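Student: For reference, the structure I am asking about is given below.
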Amino acid sequence: MSSNLDPAVASRLKRSPDGLVPAIAQQYDTGEVLMLGWMDDEALHRTLTTGRATYWSRSRNEYWVKGDTSGHVQHVKAVALDCDADTVLVKVDQVGAACHTGDRTCFDADVLPLSQ
């Protein structure tokens, strides 16, 4: 699949065998980790150029713009690659719930106990 992603950015990405990179969505002003999605080159291009977080749905095999159906929009404030260029950090202003379950984040419901 072709993409309009800047070739200088595309050449740096380290993708999984299926062409994806994990994308962590974080609330830009509080640092709260909201969710993990997946992006290919085109999803990253759309995220960078539209100001709306766009992901690749592995289950539906299609792009989805966060909030298009739920109204729980992610307005993109900044995007960064980690030091290995194998993970994307998308700093967003989250409107409503980030998780499909209706929770504020995808990490609210199942906190694991630490062994002491």
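The values are calculated or read from the model by the stated rules, or taken from the named source; none is laboratory data. Quantities reported herein were computed from a predicted structural model and do not represent experimental measurements. Note that each Cβ is placed from the backbone with ideal geometry, even for glycine, and that neighbours are counted across all protein chains shown. Keep in mind that these areas ignore ligands, DNA and RNA; they rest on the heavy atoms of the full protein, side chains included. Shrake-Rupley method; radii C 1.70, N 1.55, O 1.52, S 1.80 Å.
Student: Using the heavy atoms of the protein chains alone and a 1.4 angstrom probe, what is the accessible area of the chain per residue in square angstrom?
Tutor: 60 Å²
Student: Compute the long axis of helix 41-50 from its Cα atoms, compare it with the longest principal axis of the Cα atoms of the chain, and write down the angle in degrees, 0 to 90, nearest 10.
Tutor: 80 degrees
Student: Taking the dipole about the Cα centre of the chain, with the C-beta of Lys and Arg at +1 and of Asp and Glu at -1, give me whichever of Q74, A23, P113 is farthest to the positive side.
Tutor: Toward the positive end, the furthest listed residue is Q74.
Student: Something else now. Of G102, L48, V92, which is farthest on the positive side of the dipole of the chain, counting Cα position, with +1 on Lys and Arg Cβ, -1 on Asp and Glu Cβ, and the Cα centre as origin?
Tutor: Farthest towards the positive end: L48.
Student: Return the unpartnered cysteines for the chain, using a Cβ-Cβ cut-off of under 4.7 Å.
Tutor: C83
Student: How large a share of the accessible area of the chain, in percent, is made up of carbon and sulfur atoms when the probe is 1.4 Å and the other protein chains stay in place?
Tutor: It is 52 percent, rounded to a whole number.
Student: Using only the Cα atoms of the chain, build the gyration tensor, take square roots of its eigenvalues as a ≥ b ≥ c, and label the shape rounded, prolate or oblate: rounded if a/c is under 1.5, else prolate if a/b is larger than b/c, else oblate.
Tutor: Cα axes put the chain in the prolate bin.
Student: Quick check for me: using +1 on Lys/Arg Cβ and -1 on Asp/Glu Cβ, what's the dipole size of the range 1-77 about its Cα centre, in debye to the nearest 20?
Tutor: 80 debye
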